[in-house]
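Just so it is clear, none of the values below were taken in a lab; they were calculated from the coordinates. What you are looking at is a predicted structure, and each value in this text was computed from that prediction instead of being measured. Note that each Cβ is placed from the backbone with ideal geometry, even for glycine, and that neighbours are counted across all protein chains shown.
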Amino acid sequence: MNKPHTLSRTLILGWSLSVLTAAAQPAPNNAQTLVGQNCVQCHGSEVYTRPDRKVSSLDGLGRQVRRCETNLQLRWFDEDVDAVTELLNRSYYRFKP
């Protein structure tokens, strides 16, 4: 059996899987980028400031962020959802924790 050939295949496969995994999942706690690439691209920031906005609590905001993430099949980490929720709350909603 040709061990160097097997080692090469293993290394290439490992590298390929790591590249695919990194591309499929955003870096945790990169809320500003996630909001810019996903939230604001879809509906703009006016949804956060309109008088008849649907979100009325911090928990509701977290559920809405998760709902959008799920509907868009973004596959964020829980930390990403939390970071985006915190950023949107700090920037627009200002709900008390």
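Under the 0.36 nm per residue contour assumption, what length would be gained going from the current alpha-carbon distance of SER56 and ASP78 to full extension?
In short, 5.8 nm is gained.
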| Farthest toward the dipole's positive end in region 26-93, which of LEU74, HIS43, SER91, given Cβ charges of +1 (Lys, Arg) and -1 (Asp, Glu) about the Cα centre? | HIS43
| request: Would you please calculate the Kirkwood hydrodynamic radius of region 26-93 over all C-alpha pairs and express it in Å, rounded to one decimal? | output: 11.9
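Which value, in debye to the nearest 20, gives the size of the charge dipole of region 26-93 about its Cα centre, when Lys and Arg are +1 and Asp and Glu are -1 at the Cβ?
On the way: 8 positive and 9 negative charges, 50 e Å.
Its charge dipole is roughly 240 debye.
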| For ASN89, what is the net charge nearby, where nearby means another residue's Cβ is under 12 Å from its Cβ and Lys, Arg count +1, Asp, Glu -1? | 0
